């Protein structure tokens, strides 16, 4: 079952990569862009019998490794839900 | 208008970060996980009158800066579509 995880810097936390991308976009002439945030997009294949089992696994993986809950938020989607 | 960009390593391209995450997950006991790919998730606020205008801008930004088309694929979503 495919799981897609989205990890983003938490609101209020400094996001230097987002700032750098925003400033590069502005320099390239994209003046109408703002609020850039750069996070991670992680694709995983999880062997599970049900979507609910895959969700449980995904949550554990996010908390154990994929996201740092102090500075990042995460959400995920499981295929077929 | 919010634009969400998903950048992933292209099929067949070495993804060392994905390999590292997969091997860490296995070490942590998540034996049922495979095919890990790590990409970028970029959130942007684009000032545009229509979703179609925002899409055009997003496409240009992806090609100019956000993705490297030689080694990465991208897709994006525009709010309200």
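Listed by position, the strands (runs of 3 or more DSSP E) contained in chain A that have at least 2 residues being surrounded by 20 or more Cβ atoms within 10 Å (Cβ to Cβ) and within 11 Å of another protein chain (Cβ to nearest Cβ) are A:2-9, A:33-46. Checking each residue in region B:8-34 for being over 25 Å from residue A:19 (Cα atoms) and in contact with a helix residue (DSSP H, G or I) (Cβ under 8 Å, 6 or more places away or on another chain) picks out B:21, B:24, B:25, B:28, B:30, B:32, B:33, B:34.
No lab work stands behind these numbers, since they all come straight from the coordinates. None of these values were measured; they are calculated from a predicted model. For neighbour counting, all protein chains shown are included, and Cβ atoms are generated from backbone atoms with ideal geometry for every residue, glycine included.
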